[in-house]
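The values are calculated or read from the model by the stated rules, or taken from the named source; none is laboratory data. Remember, predicted model here, so these are calculated numbers, not experimental data. Cβ: placed from backbone, ideal geometry, glycine included. Neighbour counts: every protein chain shown.
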Amino acid sequence: MPKPDSEKEERKRVIGHTWLRNPDGGPLPRPPPNGKRTPNGLIWASSVDRIYRIQRFPNINVMTGWSISMVAEFNENYWEVADEIYPEPDPQRVLSYPLLNLPVEICQPDGTIWYSARRSIQGATRGLLPAIPRDVEVATSPFGNSFDAKYKLEELIPASFFPDILTVNDPQGATEGKIAKEGAPDLEPTPRKYKRVWPVVHPDASGESSDGDKISFLNLAGAPLLGRGNHSVVHRGALRLPSGIEANTPDGSAAVAVKMGFPTRGARSLLAHEAGVYNQIYGEANNVGFDSTEVNHEVDEGGRQRHLMEHWTGVNLLTPDITHPVPVGAVVPKFFGYYVPTDEAEAATKCAATRAKLTKEGKSDGGYWKYSSYDEEELNLPPETILSPILLLEDCGKPIKPQKMNIDDRTECLSFLVRLYLEDISHSSFYPRNIMVQPGPLTKAPKDRTMQHPSFRLIDLGRADHWKMHTKREVEEYKRKHGKDLPEERLQIGPDGYIRDDVDYTPEQREWKTIALKWAQAKQREISRAREQLLMEMWG
Ligand SMILES: Nc1ncnc2c1ncn2[C@@H]1O[C@H](COP(=O)(O)OP(=O)(O)OP(=O)(O)O)[C@@H](O)[C@H]1O
């Protein structure tokens with residue numbers, strides 16, 4: 001195995017203390033005390049030195065890891081020292097440096113308007129935003145030019161501001177799979193019209209729903225290329241959001257990663273699948289509304305898995321897969337929606353393509369990205385629509401180079417895969433090219449971030465699988481083989497199910513156990529491969 005440059009460097013994130021047991025204290029309880037936990041349900045502490053090694057049985061050196069809040073709840077030898085230990089705070093969601101803002105009117109005590117300003121969507125605690133001089137010329141065009149990395153959108157879009165319609169300026173045809181060059185700031189005569197598929201925004205408590213006509217603008221003319229894969233190309237586009245919400249940039253637009261599939265059925269179905277996984281992780285988009293005078297942060301907790309897109313304070317323990325504490329950062333990029341071309345846009349592009357062919361003004365074949373072909377012939381056929389759907393994501397930087405990384409950072413990257421598995425999701429494409437890094441911390445203004453505090457993310461969920469999808473396929477296969485259904489109630493078995501030799505299972509139970517076992521084995525194989533990719537030992 002090649003050794004990383006930093007191999008000699010020691011881990012800093014280690015469990016450094018042991019909690020002393022009472023010799024007659026008995027075994028540790030099962031299940032263990034809950035203590036304070038992050039929404040991912042994992043053991044959590046506010047810092048590495050608040051995680052302890054503790055004997056499972058007094059005087060026997062079989063250890064496990066517990067947080068100080070678990071120790072406090074267990075209450076063995078704790079209250080004697082409680083005063084010396086500063087009370088453990090609760091885990092807190094950490095928001096990125098504020099970019100999105102809304103107009104607010106600051107009123108005098110008598111209710112008259114004192115002055116109008118813009119305030120971060122993160123609420124009054126963030127204060128009024130520092131004014132960035134407006135670029136008057138570009139501000140008059142609906143399409144922005146905030147392509148620079150310092151204008152990246154790193155906040156979740158509040159549910160009530162998700163675009164219903166995405167108007168796309170794409171004069172070089174990136175959405176058709178053409179190679180778009182940087183520095184081409186022209187406007188298309190007729191922009192391409194897209195509509196949002198995901199997330200579905202639920203109405204707020206007052207019944208006010210998304211009215212279906214919130215228009216936003218995405219500029220791809222001159223958009224820097226972030227990368228390309230075998231199936232897709234990703235540009236950094238400038239997104240102007242609807243309904244008065246703006247980014248604190250010279251023209252109000254923000255930079256987002258725009259992923260588009262190449263023009264084959266296989267590539268497009270991978271993109272749709274990937275969008276579905278992001279949508280599932282994002283969960284429900286609940287329109288909870290804003291207080292128009294104060295601009296309070298919209299508290300939409302989203303679904304059970306939203307934490308995979310969020311940063312939290314402190315560290316988690318992911319034992320038994322990883323024995324060292326890891327930070328509770330976001331695992332995957334923030335999801336800004338999945339959009340498909342409207343019939344109107346598709347028809348217009350088809351017309352334009354035919355006209356271009358007739359007048360010989362069209363691009364030659366050389367103007368398209370080369371893409372890989374699939375074994376299954378059907379997947380190489382042209383897709384139904386010329387225009388690719390668009391997946392909008394947070395731009396997360398550049399691919400990592402494991403040999404240049406320290407062991408703590410590589411462990412953090414491995415933790416992403418484990419955290420996905422804890423949500424019953426396999427990644428199935430865990431390679432350094434799919435792990436991004438950028439300067440951090442993201443709480444600071446972009447100019448103050450450094451690579452001393454790198455921020456990592458795992459991208460490319462095109463091949464991700466979910467335990468439920470896995471079981472569905474297996475159930476279909478069972479039906480094909482045996483001509484009958486596998487009884488539904490067996491679905492109760494979790495993905496960690498294993499077969500014990502001493503239990504007399506029914507044939508159906510055994511079938512379910514085998515399905516679970518296959519998943520568990522695939523998980524172990526994927527984690528081992530990930531360790532190899534990250535140049536890590538197979539354990540620890
Ligand atoms: N959210 C993002 N932030 C920054 N760069 C990104 C992002 N998503 C993709 N990229 C860049 O684009 C490249 C291609 O993206 P991605 O891996 O998602 O495409 P793909 O076609 O699905 O890949 P593969 O060939 O592995 O299936 C990445 O390697 C990365 O450099």
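Is there any pair linking a residue in segment 264-285 that is in contact (Cβ under 8 Å) with a residue 40 or more places away in the chain and closer than 16 Å to residue 337 by Cα to one that is part of a helix (DSSP H, G or I) and within 12 Å of the ligand (Cβ to nearest atom), with Cβ under 8 Å and at least six apart or on different chains, and which?
Partner pairs satisfying both residue conditions: 281/309; 282/309.
Checking residue 380 against (1) touching a helix residue (DSSP H, G or I) at 6+ places or on another chain (Cβ under 7 Å); (2) within 16 Å of the ligand (Cβ to nearest atom); (3) under 23 Å from residue 95 (Cβ atoms), which test does it fail?
All conditions pass for residue 380, except number (3).
Is it the case that residue 201 is of a type outside the set (S, T, N, Q), within 10 Å of the ligand (Cβ to nearest atom) and either closer than 30 Å to residue 379 by Cα or modelled with pLDDT under 95 (or both)?
No, not satisfied.
Within segment 253-290, track down each residue that is among the small types (Gly, Ala, Ser), surrounded by fewer than 24 Cβ atoms within 10 Å (Cβ to Cβ) and more than 20 Å from the chain's Cα centre (by Cα).
If the condition is that a residue be among the small types (Gly, Ala, Ser), surrounded by fewer than 24 Cβ atoms within 10 Å (Cβ to Cβ) and more than 20 Å from the chain's Cα centre (by Cα), then 266, 289 are the ones that fit.
Outside the structural domain of residue 149 (by TED's automatic domain parsing) and at pLDDT 90 or above, is that true of residue 389?
So residue 389 does not fit the description; no.
One residue is enough: does segment 367-385 have a residue meeting the conditions modelled with pLDDT under 95, hydrophobic (A, V, I, L, M, F, W, C), assigned by TED's automatic domain parsing to the domain that holds residue 237 and buried (at least 20 other Cβ atoms within 10 Å of the Cβ)?
no
In the set 255, 275, which member is part of a helix (DSSP H, G or I) and within 27 Å of residue 302 (Cα to Cα)?
That would be 275, the only listed residue that is part of a helix (DSSP H, G or I) and within 27 Å of residue 302 (Cα to Cα).
What number of residues in segment 386-419 are within 12 Å of the ligand (Cβ to nearest atom) and surrounded by fewer than 19 Cβ atoms within 10 Å (Cβ to Cβ)?
Residues meeting the conditions: 2.
Does residue 59 satisfy being surrounded by fewer than 13 Cβ atoms within 10 Å (Cβ to Cβ), outside the structural domain of residue 244 (by TED's automatic domain parsing) and at pLDDT below 95?
Answer is yes for this residue.
Restricting to segment 72-131, what's the tally of residues that are hydroxyl-bearing (Ser, Thr, Tyr), in contact with a Leu (Cβ under 8 Å, 6 or more places away or on another chain) and either at pLDDT below 90 or surrounded by fewer than 16 Cβ atoms within 10 Å (Cβ to Cβ) (or both)?
The total comes to 1.
For segment 260-271, does any single residue satisfy the condition of being near the ligand (Cβ under 9 Å from one of its atoms) and part of a strand (DSSP E or B)?
Taking every residue of segment 260-271 in turn, at least one turns out to be near the ligand (Cβ under 9 Å from one of its atoms) and part of a strand (DSSP E or B).
What are the residues in segment 172-198 that are closer than 17 Å to residue 227 by Cβ and of a type in the set (Phe, Trp, Tyr), if any?
Correct list: empty.
Could you list, ordered by first residue, the pairs with Cβ atoms under 7 Å in which the first is in segment 20-40 and surrounded by fewer than 18 Cβ atoms within 10 Å (Cβ to Cβ) and the second is part of a strand (DSSP E or B) and among the basic types (Lys, Arg), at least 6 apart or interchain?
27/56
Is it the case that segment 50-72 has a residue that's in a helix (DSSP H, G or I), within 28 Å of the chain's Cα centre (by Cα) and not β-branched (Val, Ile, Thr)?
Yes - at least one qualifying residue is present in segment 50-72.
Restricting attention to segment 423-465, which residues are surrounded by 18 or more Cβ atoms within 10 Å (Cβ to Cβ), closer than 30 Å to residue 508 by Cα and either within 13 Å of the ligand (Cβ to nearest atom) or modelled with pLDDT under 95 (or both)?
Within segment 423-465, 424, 427, 464, 465 qualify.
Taking the stated definitions as given, is residue 213 in contact with a helix residue (DSSP H, G or I) (Cβ under 6 Å, 6 or more places away or on another chain) and more than 10 Å from the ligand (Cβ to nearest atom)?
no
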